[in-house]
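Engineer: The following block contains the structure, expressed as structure tokens.
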Amino acid sequence: MAAAKTRTSTFSRNLSTAAPSHGPGLKCGPNGTVFLSSGIPDLDKILGGGFPLGSLVMVMEDAEAPHHMLLLRNFMAQGLVLGQPLLYSSPARDPRGFLGTLPSPAASKDDKSRERDPDQEKGLRIAWQYKKYLGESQLDGQRDSKHEYSNEFDLRKPLERHFINGPRIDCVSIQDCPDLSTLRDRCATFLSQFPRNDGSISCAGRIAIQSFCAPQCAYSNMVRVGYPSFIRYLKSMVRSSNSVAIITFPPLLSPSFCKRWQHMADTLLSVKAIQDEDKELAQLLTGYQDMVGFLNVHKVARINTQVPVILEATTFSIKLQKRRYLVLELEHHMARQVVGLVPPRQGTSTFDCIPQNNSTHDSNKMRNNQKSRP
């Protein structure tokens, strides 16, 4: 007797394919990408989730203020809190001493007061009957999923020692290096720990290079040959691994070379300081007292897609809320001269404060001229 055939329906659930599980600090994105947090929740939202794995991030420094260090510190601190390996390179003689300046995650009490949403609480009360289908551990995991991916850091509180003294932290000083071979070998050894495959990702690495090609480096004279080749090599190594590399470079370099290197970046950011006690900016911008500078997004990484990313804006204000938390906000009353502090890239929109009264006055004037004609 032949075995009875099971009837399949188009509405049957496919249980064969399951989403791969990832370690803490990683989040799935569109087109098969996996995001890694920048350490700044607002920047993650602006970029669409964070930095994609396998991407190279470049930050253009400002000559007047070290605001790029805020981005670098949060990026490094986020990785250490999540237990992700870190490779840090600096032109300082003792780069490990910089780890003592990393910020600590904000207290849990402050997180609850800052992240409580009444609409979300209302939604949980309406869907109370669905709690019986989930275990308590799953509910707790969903509540703490945001903390596992990204944290808010208190800039006044240093990171605890047990995070800094971890075994998976590698620091490289490039001050006395005659060439880039030492840094290249260290990066290759570090990235070999995170080979990319189609399975689950248990851990991801972070590379932070501060003030690359600074004048105090011994190899700064070979910038025409060594720097572009190193960037291409690092980008190819990062693209084939589960890691993210962020590089900051000083503004004292040649503009032609800066334009050439910027095309190699997957994500390109720049920071700009503002003058102290600027009365014109104080009248134009809200929350000027908490503002320390501007962040301009020139380029957003596009991996596994050809569709360009269209942002709501490209210029954001950098604020220190309560002088502790780093916040990025969009200024809706930003005038053209304010946005002009950071040169906008081609093809991006800027904010124009043009009153509508001028257009109304011109239209009335044209009507009067037409009536006065014979």
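The values are calculated or read from the model by the stated rules, or taken from the named source; none is laboratory data. None of these values were measured; they are calculated from a predicted model. Using ideal geometry, Cβ is built from the backbone for each residue, glycine included, and neighbour counts are taken over all protein chains shown.
Engineer: For the subset of the stretch 218-245 comprising residues that are in a loop (DSSP other than H, G, I, E, B) and at pLDDT 75 or above, which member is farthest from D179 (Cα to Cα)?
Structural biologist: Step by step, filter the stretch 218-245, then rank; the result is N242.
Engineer: Within the group I246, I274, I318, which residue is crowded, with 16+ Cβ neighbours inside 10 Å and over 29 Å from L53 (Cβ atoms)? I'd like the intermediate steps shown before the answer.
Structural biologist: Numbers: I246 fails: over 29 Å from L53 (Cβ atoms); I318 fails: over 29 Å from L53 (Cβ atoms).
Every option except I274 fails the conditions.
Engineer: Do you know which residues across the stretch 280-302 are within 19 Å of N74 (Cβ to Cβ) and assigned to a helix (DSSP H, G or I)?
Structural biologist: Within the stretch 280-302, D290 is the sole residue that qualifies.
Engineer: A further question follows. With under 20 Å from the mean Cα position of the chain (by Cα), closer than 25 Å to F212 by Cβ and at pLDDT 85 or above as the only criterion, which of P30, P85, P95 stands out?
Structural biologist: P85
Engineer: Kindly check whether there is at least one residue in the stretch 207-216 that is of a type outside the set (S, T, N, Q), surrounded by fewer than 18 Cβ atoms within 10 Å (Cβ to Cβ) and more than 23 Å from L268 (Cβ to Cβ).
Structural biologist: No.
Engineer: What number goes with the only condition from (1) surrounded by 24 or more Cβ atoms within 10 Å (Cβ to Cβ); (2) of a type in the set (V, I, T); (3) over 12 Å from the mean Cα position of the chain (by Cα) that T101 does not pass?
Structural biologist: It fails just one condition, (1).
Engineer: Applying the selection to the stretch 252-279, what residues are free of Cβ contacts under 8 Å to residues at least 12 places away in the same chain and either over 17 Å from L234 (Cβ atoms) or in a helix (DSSP H, G or I) (or both)?
Structural biologist: Across the stretch 252-279, the qualifying residues are S254, P255, S256, K259, Q275, D276, E277, D278, K279.
Engineer: Out of all the residues in the stretch 57-79, which are crowded, with 22+ Cβ neighbours inside 10 Å, more than 21 Å from L330 (Cα to Cα), aliphatic (A, V, I, L, M) and more than 11 Å from the chain's Cα centre (by Cα)?
Structural biologist: Within the stretch 57-79, M76, A77 qualify.
Engineer: Right, another one. Give me the pairs: first residue in the stretch 56-75 and at negative phi and modelled with pLDDT of 95 or more, second residue among the charged types (D, E, K, R) and surrounded by 23 or more Cβ atoms within 10 Å (Cβ to Cβ), beta-carbon distance under 8 Å, and six or more apart or on different chains, which are they?
Structural biologist: F75/R206
Engineer: So if I check each of C171, C203, C187, which one is over 27 Å from A92 (Cβ atoms), touching a residue at least 60 places away in the same chain (Cβ under 8 Å) and crowded, with 17+ Cβ neighbours inside 10 Å?
Structural biologist: Values: C171 fails: over 27 Å from A92 (Cβ atoms); C187 fails: over 27 Å from A92 (Cβ atoms).
Only one candidate passes the filter, namely C203.
Engineer: Report, by residue number, each residue of the stretch 311-327 that is touching a residue at least 40 places away in the same chain (Cβ under 8 Å) and more than 15 Å from the chain's Cα centre (by Cα).
Structural biologist: Within the stretch 311-327, L320, R323, R324, Y325 meet the criteria.
Engineer: Could you tell me which of the residues S349, S359 is out of contact with any Ser or Thr (no Cβ under 6 Å at 6 or more places or on another chain), small (G, A, S), in a helix (DSSP H, G or I) and at pLDDT below 50?
Structural biologist: Values: S349 fails: in a helix (DSSP H, G or I).
After applying the criteria, what remains is S359.
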